[in-house]
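Peer 1: Pasting a structure below so you can have a look.
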Amino acid sequence: MIDKETVKHVAKIARINLTEEEIDKFSRQLNDIVEDFKILDELDVENVAPSFHPIRTENVLREDEVKECLKREEIFKIACHKEGDYFKAPKIM
C-alpha cells in the first residue's frame, strides 16, 4: 500500500511541492494502479509469447524502381548553398 508518507518522500526526492489535497489524490491514484497490477498478476500467461509492442509491426518497403535521375543543372538551380559545380557545406573540423 502506498501511504501519504511514501508520496511525501517521493515528492521530496523529486523536489516537487505538493499540497495536502494532491498528496491524498496521488496516494489514492497510485494505490488504484497497484491494485490493477495485482489483477494482471493473476492472469495465466504461461503460453503467451513476450511482446515489445502491442500491435504487430512490419516494415513496409517498396520495390526498387529504376528511374531517370535529375539533371545536374536542375539540382543546382534549386540548391541554396552552392559554389561552382559543388554543394557548399559548413566546415566540420
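Peer 1: Exactly which chymotrypsin sites (Phe, Trp or Tyr not before Pro) in segment 1-60 are in a DSSP loop and have at most 14 other Cβ atoms within 10 Å? Could the numbers behind the result be given before it?
Peer 2: Values: sites: 26, 37, 52; in loops: 52.
Answer by residue number: 52.
Peer 1: Which lysines does residue 88 reach when only Cα atoms under 16 Å apart count, and residues fewer than 8 places away in its own chain are ignored?
Peer 2: Excluding near neighbours in sequence, the set is 77.
Peer 1: State the extension gain, in nm to one decimal, for the chain segment bounded by residue 46 and residue 88, taking 0.36 nm per residue of separation less the distance between their alpha-carbons.
Peer 2: Working: separation 42, 0.36 × 42 = 15.12 nm, distance 5.95 nm.
Net length gain for the segment: 9.2 nm.
Peer 1: Which is the longest part of the chain that has none of the GluC sites (Glu not before Pro) sitting in a DSSP loop with at most 11 other Cβ atoms within 10 Å? Walk me through the numbers on the way to the answer.
Peer 2: Values: sites that count: 42, 46, 58, 63, 65, 68.
Longest site-free region, per DSSP loop and neighbour criteria: 1-41.
Peer 1: Residue by residue through segment 76-89, what is 3J(HN,Hα) from phi via Karplus (6.51 cos²θ - 1.76 cosθ + 1.60, θ = phi - 60°)? Round to whole Hz and write x for glycine and proline.
Peer 2: Each residue of segment 76-89 in turn: 6, 5, 9, 6, 7, 10, 9, 9, x, 9, 10, 7, 9, 10 Hz.
Peer 1: List the residues whose amide H sits under 5 Å from the amide H of residue 82, counting only those 5 or more places along or on another chain, with H placed 1.01 Å from N in the peptide plane.
Peer 2: Result for residue 82 returns 88.
Peer 1: Which label belongs to the value computed from this structure, given these candidates for percent of Cα pairs over 17 Å apart: [x] 47; [y] 53; [z] 76?
Peer 2: [z]
Peer 1: Enumerate the calculated ³J(HN,Hα) couplings along segment 4-20 in order (Karplus 6.51 cos²θ - 1.76 cosθ + 1.60, θ = phi - 60°), each rounded to whole Hz, writing x wherever the residue is Gly or Pro.
Peer 2: Coupling constants for segment 4-20: 5, 5, 5, 4, 4, 5, 5, 4, 5, 4, 7, 6, 10, 8, 10, 7, 4 Hz.
Peer 1: Could you run the Karplus curve 6.51 cos²θ - 1.76 cosθ + 1.60 with θ = phi - 60° over segment 44-59 and give me ³J(HN,Hα) per residue in whole Hz, x for Gly and Pro?
Peer 2: Ordered by residue, 3J(HN,Hα) equals 8, 10, 4, 9, 9, 6, x, 9, 9, 9, x, 10, 4, 10, 9, 6 Hz.
Peer 1: List the longest stretch of the chain that has no exposed loop site; here a site is one of the trypsin sites (Lys or Arg not before Pro) assigned by DSSP to anything other than H, G, I, E or B, with at most 11 other Cβ within 10 Å.
Peer 2: Numbers: sites that count: 15, 56, 62, 67, 71, 88, 91.
Segment 16-55 is the longest.
Peer 1: Excluding same-chain residues fewer than 8 positions from residue 67, which lysines have a Cα within less than 20 Å of its Cα?
Peer 2: Correct list for residue 67: empty, as no lysines qualify.
Every number in this text was worked out from the coordinates using simple rules, so none of it is lab data. Because the structure is predicted, anything quoted here is derived from the model rather than measured. With ideal geometry, Cβ positions are generated from the backbone for all residues, glycine too; neighbour counts draw on all protein chains shown.
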